[in-house]
Amino acid sequence: MEAQSVYILREAYREFSRLCMLWSIGKDSTVLLWLTRKAFFGEVPFPLVHIDTSFKIPEMIAYRDRLVRDWKLNLIYGENRAALDARRTFPAGALSRIACCKALKTDALVNTLSGAWPRYRFDHEQDRYVEDANTEPYTGVIVGARADEEGSRSKERYFSPRDHHSDWDIGDQPPELWNQFKTDFAPGTHVRIHPLLDWTELNIWEYIAAERIPVVPLYFDQGDGTRYRSLGCYPCTTPVESTASTVNDIVEELRTGKFSHVAERAGREQDKEGDGTLETLRREGYM
Ligand code: SF4
């Protein structure tokens with residue numbers, strides 16, 4: 001699985017001159033970051049993009065900035081500043097969760113990728129974020145989505161096209177036979193690349209254990225008998241009951257089937273609104 005993911009990462013790097021990787025700071029995209037450093041001999045040869053809703057659990061942002069400094073990462077973040085300033089959000093009571101996710105995640109992502117809204121790059125010399133002068137659009141976007149995580153993600157390809165509006169036409173995707181991938185798409189469109197598509201939640205934790213990958217401590221029980229299984233915004237994310245306090249505890253927990261009847265994203269409240277699926281949001285550009 002590692003070799004296949006590295007192969008896809010290298011294919012993407014070869015084919016896309018304007019390539020970036022989304023980093024949500026969760027376990028999956030952090031494994032993807034680890035695989036990228038393996039694929040390119042310790043380097044990350046493209047920017048990491050983080051969409052900051054400003055409601056992420058604070059430990060996530062602290063972890064992000066620590067790794068950016070320690071690993072000298074080229075991190076860019078984008079946000080929907082207009083919605084935040086106008087308090088047009090779910091936590092402010094102005095929007096439903098679905099509308100808030102569309103504004104703070106989907107719209108922010110689409111406009112950050114296209115370069116239409118400001119991007120903020122971590123300047124290692126100044127040790128702070130500065131507005132990025134480069135506003136060129138990204139045409140290849142690497143994402144840590146896994147098919148087993150949630151229904152709509154299982155419909156993705158390794159190389160999934162998005163149109164001029166970042167919309168996703170699930171019924172019109174190229175076949176991917178014998179490791180042959182379609183990587184040329186029309187100008188103005190972009191491609192989402194999914195090197196982790198075949199990994200399960202257990203595979204991810206086994207790999208984190210084998211490679212000793214640092215992850216956000218929120219995944220572990222801190223003594224109150226709960227831990228986060230999936231990370232997101234604090235007003236919409238609840239922990240699960242679990243006493244797993246190490247990576248090996250989590251691997252053991254998953255192997256014994258403790259959560260076999262509980263969806264991985266069950267603690268993410270926004271998944272339960274609207275028509276009950278994320279597919280509508282994801283068709284419009286949600287990650
Ligand atoms: S997860 Fe909650 S706070 Fe975060 S963007 Fe969605 S609705 Fe808003």
Gained length - R66 relative to D224, 0.36 nm times residue gap less alpha-carbon distance:
54.3 nm
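Let me spell out the model: positive unit charges on the Cβ of Lys and Arg, negative unit charges on the Cβ of Asp and Glu, origin at the Cα centre of region 2-198. What dipole size does that give, in debye rounded to 20? Write out the running numbers ahead of the final one.
Working: 27 positive and 29 negative charges, 71 e Å.
Here region 2-198 has a charge dipole of around 340 debye.
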Taking 8 Å as the Cα distance limit and 6 or more residues as the minimum spacing, I'd like the relative contact order of the chain as a percentage.
21
Going by how many other Cβ atoms sit within 10 Å of their own, how do W117, W178, W199 line up, fewest first?
W178, W117, W199
Using helices alone, I'd like the mean residue ellipticity at 222 nm for the chain: each DSSP H run of four-plus residues gives -39500 (n - 2.57), total over residue count, nearest 500.
-8000 deg cm²/dmol
Please work out how many pairs of lysine residues in the chain are eight or more positions apart (or on different chains) and have Cα atoms closer than 16 angstrom.
5
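Assign one of three labels to region 179-267, namely rounded, prolate or oblate, based on the Cα gyration tensor with a ≥ b ≥ c the square roots of its eigenvalues; rounded applies when a/c is under 1.5, prolate when it is not and a/b is larger than b/c, and oblate otherwise. It would help to have the intermediate numbers written out before the result.
Working: a/c = 2.43, a/b = 1.83, b/c = 1.33.
Since a/c reaches 1.5 and a/b is larger than b/c, the shape of region 179-267 is classed as prolate.
Given region 2-198, what percent of its DSSP beta bridges are antiparallel, to the nearest 5? Show your work: numbers first, answer last.
Working: 10 of 22 bridges.
Expressed as a percentage, antiparallel bridges in region 2-198 total about 45.
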Which of V216, N80, S154 sits farthest toward the positive end of the charge dipole of the chain, with +1 on the Cβ of Lys and Arg and -1 on the Cβ of Asp and Glu?
N80
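If I stretch the segment between S96 and S260 completely, what's the gain in nm (0.36 nm per residue apart, minus their alpha carbon distance), one decimal?
Working: separation 164, 0.36 × 164 = 59.04 nm, distance 2.98 nm.
Extra length available between S96 and S260 comes to 56.1 nm.
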Would you list F220, F40, F46 from fewest to most Cβ contacts within 10 Å?
F40, F220, F46
Once a ≥ b ≥ c are taken as the square roots of the eigenvalues of the Cα gyration tensor of region 218-271, is the result rounded (a/c under 1.5), prolate (a/b larger than b/c) or oblate (a/b not larger than b/c)?
oblate
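If you stretched the chain out fully between M1 and T200, how much longer would it get, using 0.36 nm times the residue separation minus the C-alpha to C-alpha distance?
Values: separation 199, 0.36 × 199 = 71.64 nm, distance 1.06 nm.
Taking 0.36 nm per residue and subtracting the Cα distance, the gain is 70.6 nm.
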Run the Debye formula on the Cα coordinates of region 57-112, all scatterers equal and no solvent, and tell me log10 I(q)/I(0) at q = 0.31 1/Å.
-1.11
Would the chain count as rounded, prolate or oblate if I go by the C-alpha gyration tensor, calling it rounded below 1.5 in a/c and otherwise prolate when a/b exceeds b/c, oblate otherwise?
rounded
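Every number here is computed from the coordinates shown, using simple stated rules; none is lab data. All values reported here derive from a predicted model rather than from experimental measurement. Here the Cβ is made from the backbone with ideal geometry for all residues, glycine too, and neighbour counts use every protein chain on show.
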